[in-house]
Amino acid sequence: MDRDKRASDRLPRLVPGTGLVPFPPTESWDDWEEYDAKAWPERVKRRYRLVPTTCFNCEAGCGLLAYVDKDSGRVRRFEGNPEHPGSRGRNCAKGPATLNQMYDPERILHPLRRAGPRGGGEWERVSWEDALQDIASRIRTALQEDRHDEIIYHVGRPGEDGFIDRILRSWGVDGHNSHTNICSAGARTGYAMWMGYDRPSADFANARFILLLSAQLESGHYFNPHAQRIIEARQAGAQVATIDPRLSNTASMSDHWLSPWPGTEAAMLLAIATRLIEWDAVDHEFMRRWVNWEASLAARAPERPRTYEGFLELLRETYADYTIESAAAETGVDAERIEAVARGIAGAGSRFASHTWRAAGSGNLGGWQVARCLFFLHVLTGSVGTEGGTSPSAWDKFKPDHWNMPPPSNRWNELIWPAEFPLSHYEMSYLLPHFLKEGRGRLEVYFTRVYNPVWTNPDGFTWLEALTDEDKVGLHVALSPTWSETAWFADYVLPMGVGAERHDTHSYETHAARWLGFRQPVLRVAGERAGERYERTYEANPGEVWEENEFWIDLSWRIDPDGSLGVRQWYESPTDPSRPVSVDEYYSWMFDNSVPGLPEQAGQEGLTPLEYMRKYGAFEIDRDRYLLNEEAAGADQPGVEVDGERKSGFVSPSRLLEWHSETLESWKWADAAIPTYLKSHVYWRDLDLEGDERILLPIFRLPTLIHTRSGNAKYLYEISHGHPLWMNSIDADQLGFDTGDLVRITTDIGYFVMRAWRTEGIRPGVVAASHHMGRWRLEAGMGNERWSSALVDLRRHDGGWLLRHKTGIEPFRSEDPDSERIWWRDPGVHQNLAFPVHPDPVSGMHAWHQRVTLGHASPEDRYGDVFVDTARSHDIYREWMDRTRPGPGPGGLRRPRWLTRPLPPVPEAYRT
Ligand code: SF4
């Protein structure tokens, strides 16, 4: 690990008898003593076992150290793990709030089964054995009756790499459903069409110019690991530019803030590209070697000679209309600002780093082209895979092999992968209730895991209608440590460990290196260090809280107790096939066999690889990973010939960077086959801006809240508990709003009521509300966290659904005295309910931005009201489905084979 850069070398702390020291040294982690900060001014010593684990509160997977009190056995706090290569000892506010989640007085500690009608709020405690047997027998019957497509696992935050793959493969189902299409599918598609890889890995720390189309310093993807490296680059002299209609914290810290009309970002990026070409700030050697210019010429200008110069000429002609001036007119950003960013990129050359995540790519119809146009700037400047540039994600991510992995399934589930979206990234998860409504299928067993579609997805009332219809959903199992709006409509709620109560492995592209993180149940590990012995993690967890790995193993065993279905074989212990594999056996195999360098490093310390990972919580595999496309490829390896040498290249169909995408062309999207600007569904020139129409941005994140997983984190809600509608003062004056006024925001399917907040921090014509707030429950004492949710009334009204707050957040009595000290009151407004689905016909991404009208609330309106007509929402769904260009594509394929998808089935399953 990079011991020079670790925070442990710099941040001092007060320790008895030693004065100020940095992070506790690893040799003291078994017995660490320090003063109790809460006892100050008395000097009270406390002794701890420090157990590393990883944070589960966003996708960055930062290292945490649990301070387990040796006297009480309780975790007293979480801090950063200085041994973690990604986060280097640092965390955001959400990491330490893991403590609140562990000791949440309202968490679910025992399995529950509904006792009355689904959603009726009657629950009974049930044994794990009864729950497992019931669920297993339904799955077993479905498998025996060839109803595999009726089993779907729907995950929000996975937080792990590969374990669930084994489960679904072993059952032979194509049932993985993720949240990607409400999150990042737009950007992924844009990147994939260039290089096959679907995400960027920016080498921020070594960049000279950084361009962000996301709020990377506060809440962007891998944000704490990225933020600390962006700050390092700035300290070394790099400039940062942020393109965002809203003045995010990131924009406010940038050298350049460009606030365009939402959905016009691609026009600005193409104008910058044009300038780079004009200035000849182009890395021609890189372009000549790595861009598919010959194929591009053949496809788009077959009459021309196939020369690189001819390709440059084609680029000039293609983008001639994208001038800085035209971009200024289209985006509403001053030409000088766009020009300044172009100059910064030109000056940085190969040390130009960028990122886009959610934001424009997730807000707009055609948003995927924003990422495609952004990456075009890297292709031009040769800043692909370079030090200080931007690499493909997979170069900086390590996915180990898993023990005894079953083969891929031979099925294709059209409830998840429908013919209308052959290029989607990934599953069309948020359309599931509409598909069920249309009679495309039914579900026998539906698992939701770290996922809350009723709240998180657009059109939540349609979800609610589907989940309460037992003909459509036979059994809904919510795997969750807490209540949620979705768990309320389940048949079983099975309590799973929070981030510090489970095992997972993961690795993310935080910088130009590869590392593996090991999440572990800290009370189990602390107990084992103290000499306790556990067979299962639930023996150390609170109540009857299980970890998911053991749940899936036991469930699979019960699906096939005698092995006749071929499932059990994948779970038999390697040392004793009569019993299920243990997590120690599972991860021992992985660390012994598939993590390069780990056995050797562990051996140097006299540890087994598993002991090493339990001790440090992470392992760095390698670093300084640049220009991997230039690596030699053997004749039997995938590769491409470049200047007479066989190279690894990228993972696009040509293994080159594809300016013209033959895939897009042959799958009916010839009009979008090159980086281009597509008009958004919220295109500003189509709006009545003189009247009351505006564009709503509903997806910005707060740095201190997690999608729907921070409701039980009192530290975080004490910081963030307001949900205003950002409105520029110009709009506020024009429409007659002042801060605090109630605004009725009308969408295509209903309305919601919020309070206005006048600000200069957003572009006029655009309003915004953060994505996090608006949690609710239907019963006073249960159903959601009272730290964060409103008690609501939900009823049929005027041909639709009306949700109305009965009370806001109030103090309550619990075993945590802080619950009586709650002083914040605003639960926020559940705006997602009022958004129809907007599936982008290429990426499948839900285009989150909304064209809305703003009006003063009527006398009957109340803060927090949400009204939705779900019949209308189904009509809008149909309208957007009409934009699709269904498969099959060339060769009768359902989807291009090269385009990634979770759990790809066998090749034959791709054929219709
Ligand atoms: S950025 Fe914050 S929430 Fe995300 S993993 Fe790191 S500490 Fe946890």
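The values are calculated or read from the model by the stated rules, or taken from the named source; none is laboratory data. Just so it is clear, the structure is predicted and the values come from calculations on it, not from any experiment. All Cβ positions, even for glycine, are placed from backbone atoms using ideal geometry, and neighbour counts span all protein chains on display. We work out accessible area using only protein heavy atoms, side chains counted, and drop any ligands, DNA or RNA first. Shrake-Rupley method; radii C 1.70, N 1.55, O 1.52, S 1.80 Å.
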Go through (1) open to solvent by 10 Å² or more (accessible area, probe 1.4 Å); (2) touching a His at 6+ places or on another chain (Cβ under 8 Å); (3) more than 16 Å from the ligand (Cβ to nearest atom); (4) not aliphatic (A, V, I, L, M) for Asp688 and report which single condition fails. (2)
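Yes or no, residue by residue, for (1) of a type in the set (Val, Ile, Thr); (2) touching a Pro at 6+ places or on another chain (Cβ under 9 Å):
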{"position": "Ile152", "(1), (2)": "yes, no"}
{"position": "Val155", "(1), (2)": "yes, no"}
{"position": "Gly159", "(1), (2)": "no, no"}
{"position": "Asp165", "(1), (2)": "no, yes"}
{"position": "Thr189", "(1), (2)": "yes, no"}
{"position": "Arg234", "(1), (2)": "no, no"}
{"position": "Ala238", "(1), (2)": "no, no"}
{"position": "Ala241", "(1), (2)": "no, no"}
Quick one: how many residues across the range 795-816 are outside any loop (DSSP other than H, G, I, E, B) and open to solvent by less than 60 Å² (accessible area, probe 1.4 Å)? 7
Taking interchain pairs and intrachain pairs at least six residues apart, which have beta carbon atoms under 7 angstrom, with the first residue in the range 63-88 and farther than 18 Å from His503 by Cβ and touching a residue at least 24 places away in the same chain (Cβ under 8 Å) and the second in a loop (DSSP other than H, G, I, E, B) and of a type in the set (Ser, Thr, Tyr)? Gly80/Ser87; Gly86/Tyr508; Gly86/Thr510
Out of (1) touching a helix residue (DSSP H, G or I) at 6+ places or on another chain (Cβ under 9 Å); (2) surrounded by 22 or more Cβ atoms within 10 Å (Cβ to Cβ), the one Ser666 does not meet is (2)
Residue match in the range 839-854 (condition: exposed (fewer than 15 other Cβ atoms within 10 Å of the Cβ), of a type in the set (S, T, N, Q) and outside any loop (DSSP other than H, G, I, E, B)): no
So Glu79 fits all but one of (1) part of a loop (DSSP other than H, G, I, E, B); (2) more than 8 Å from the ligand (Cβ to nearest atom); what number is the exception? (1)
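For the range 191-294, please list each of the helices (runs of 4 or more DSSP H) lying entirely inside it that holds at least 2 residues being crowded, with 23+ Cβ neighbours inside 10 Å.
On the way: elements: 223-235, 249-252, 265-278, 284-290.
Those helices (runs of 4 or more DSSP H) span 223-235, 249-252, 265-278.
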Tally, over the range 95-110, of residues that are within 11 Å of the ligand (Cβ to nearest atom) and surrounded by fewer than 24 Cβ atoms within 10 Å (Cβ to Cβ): 1
Looking at the range 469-516, what strands (runs of 3 or more DSSP E) fall wholly within it and have at least 2 residues that are open to solvent by less than 10 Å² (accessible area, probe 1.4 Å) and free of Cβ contacts under 8 Å to residues at least 40 places away in the same chain? 473-479
Taking only the range 31-69 into account, find how many residues are crowded, with 16+ Cβ neighbours inside 10 Å and either under 22 Å from Lys615 (Cα atoms) or within 16 Å of the ligand (Cβ to nearest atom) (or both). 25
Among the listed residues Arg90, Arg147, Arg125, which satisfies the condition of being over 22 Å from Pro453 (Cα atoms), within 16 Å of the ligand (Cβ to nearest atom) and open to solvent by 20 Å² or more (accessible area, probe 1.4 Å)? Arg90
Yes or no: the range 688-705 includes at least one residue that is assigned to a loop (DSSP other than H, G, I, E, B), of a type in the set (Ser, Thr, Tyr) and under 30 Å from Ala273 (Cα atoms). no
For the range 314-380, give me every one of the helices (runs of 4 or more DSSP H) that falls completely inside it and has 3 or more residues that are free of Cβ contacts under 8 Å to residues at least 60 places away in the same chain and open to solvent by 30 Å² or more (accessible area, probe 1.4 Å). 324-331
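Give the residues of the range 817-830 that are in a loop (DSSP other than H, G, I, E, B) and at negative phi, sorted by residue number. Before you say what the answer is, go through the steps one by one.
To start, the set of residues in the range 817-830 that are in a loop (DSSP other than H, G, I, E, B) comprises 822-830.
Hits for the range 817-830 are Ile822, Trp823, Trp824, Arg825, Asp826, Pro827, Val829, His830.
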